[in-house]
Amino acid sequence: MIHRPRVGKLHDTWMLRHPETGRYHLFYLYYPRDVEGYPPGGYRSINHLISDDIVNWTFVENIVPPQSDGRRIGTGMVFRWQDAFYMTYTFHSDHTIYLLTAADSEMLTGWKMARNEPILTARGRWYRTLDTGDPLTTMHFRDAFVVERKDGCYAFVAARSADGAPGACGCVFRAVSVDLVHWDPLPPLGADFGLFQMEVPDYFELEGVHYLLFSDASALSPIHTPSRLEVSGTFYAVGEAFEGPYSLLPEKLLLGSGCGRRDNYVGRHIDADGEHLLYFHHMGRRGAFGLPKRIVKNGDHSLNLAPWEHGIERLRTERLFLADPLEDRQPGGSAVGVWERAGQEATVTVRCPDAGLHAGKVAGNRLIPRNGMSGQNGDSRP
């Protein structure tokens, strides 16, 4: 975990590296209270953070999309087109994609409506719409990803194909535009995968091979791999061209869990100085932005994840933040520990709202308790 809001819940994330400043901008769906599962009433705003290294983040602003009128919003994406920056997002109430533009092109702030009308809706002969009478269509046109190519901007959207059983017709809607106003639908991707949904689609190219990312955690159409049953998380499909076709490998899970668990979700790609990274969030009452992992391409075009060494090195700090171990002693508060170096040992000083207390000393990589302040159970921790 490298970021978690002090109050409230973090959900799906999206990121952009500014082409001029080099700084990373992180956006995520935000709910103002801790809650298990999907919050009542849904997410209504977006938090925006900024970083120079993807590890240390500074809060910028909370964004409430104009004209949202308290409606639930869905996952988006930020992209640049013709020297302007845009953000897509979904209105769940009518299953449409809207577009914002940033007034401040350096800090990516001052978001306003680029158009008052939606830019994308489920249409075209390949896709199910709300008019098809399919009860499972609800909330299945969302999470628009936009990428610029030489012939225009392409949108990838989580949708449902017109073919296939209701519980197994998840696909990625595609459309192309040369002005971000008029969009021409294209045939879907993944309609033959037999999945319930393909949430938060993402795309990247690595060493001449094209990859389509998507997430799924539905119990209506469980996914199995040779090594795990009932998997959920972020999956990938492999294509020889941007247009496809794309195919699933047997071990198609890139990041996630088995046995019906839902631990890490919505993995997306970003290029960090030539390192291809997968960033994602941890599930839970509050949610948290995880430390990205490095994407490794194998000779058969399959993918694996590896530790991101540069990110791990950046985690080294002279300040140790201790929150959860003291929450039962100081409800609603947090504690800050300061490393006081003395040769190979260090003392951790924990400052609580009412007193300064020594939790113990660090020798090597172990916390040696003293004064009874060693954690929730009084045990030493590695």
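Amide H contacts of Gly244: none lie under 5 Å away among residues 5 or more positions distant or on a separate chain (H built 1.01 Å from N in the peptide plane; Pro and chain starts excluded).
Computed 3J(HN,Hα) for the stretch 8-14, one whole-Hz value per residue from the Karplus formula 6.51 cos²θ - 1.76 cosθ + 1.60 where θ = phi - 60°, is x, 10, 9, 10, 3, 10, 8, glycine and proline marked x. Full extension of the chain between Asp192 and Ala306 gives 38.0 nm of extra length, using 0.36 nm per residue less the Cα-Cα distance. Applied to the stretch 96-107, the Karplus parametrisation 6.51 cos²θ - 1.76 cosθ + 1.60 on θ = phi - 60° returns per-residue 3J(HN,Hα) values of 10, 9, 10, 10, 10, 10, 8, 6, 9, 7, 8, 8 Hz, with x for Gly and Pro.
Quick check on packing: order 2-11, 287-296 by the mean number of other C-beta atoms within 10 Å, highest mean leading. Can you show the working numbers first?
On the way: 2-11: 18.0, 287-296: 19.9.
Answer by packing, highest mean first, reads 287-296, 2-11.
For the stretch 1-62, GluC sites (Glu not before Pro) meeting the loop criterion (DSSP other than H, G, I, E, B) and having at most 13 other Cβ atoms within 10 Å: Glu20, Glu36.
Under the classification rounded if a/c is under 1.5, otherwise prolate if a/b is larger than b/c and oblate if not, where does the stretch 9-314 fall, given a ≥ b ≥ c as square roots of the Cα gyration tensor eigenvalues? Please report the intermediate quantities before stating the final value.
Details: a/c = 1.23, a/b = 1.05, b/c = 1.18.
Cα axes put the stretch 9-314 in the rounded bin.
With label points built 7 Å along Cα→Cβ from the Cα atoms of Asp179 and Cys259, find their separation and express it in nm. According to this spin-label approximation, the distance is 5.6 nm.
Readers should treat all values here as calculations from the given coordinates under stated rules, not as data from a laboratory. Remember, it's a predicted structure, so these values are computed and weren't measured experimentally. Here the Cβ is made from the backbone with ideal geometry for all residues, glycine too, and neighbour counts use every protein chain on show.
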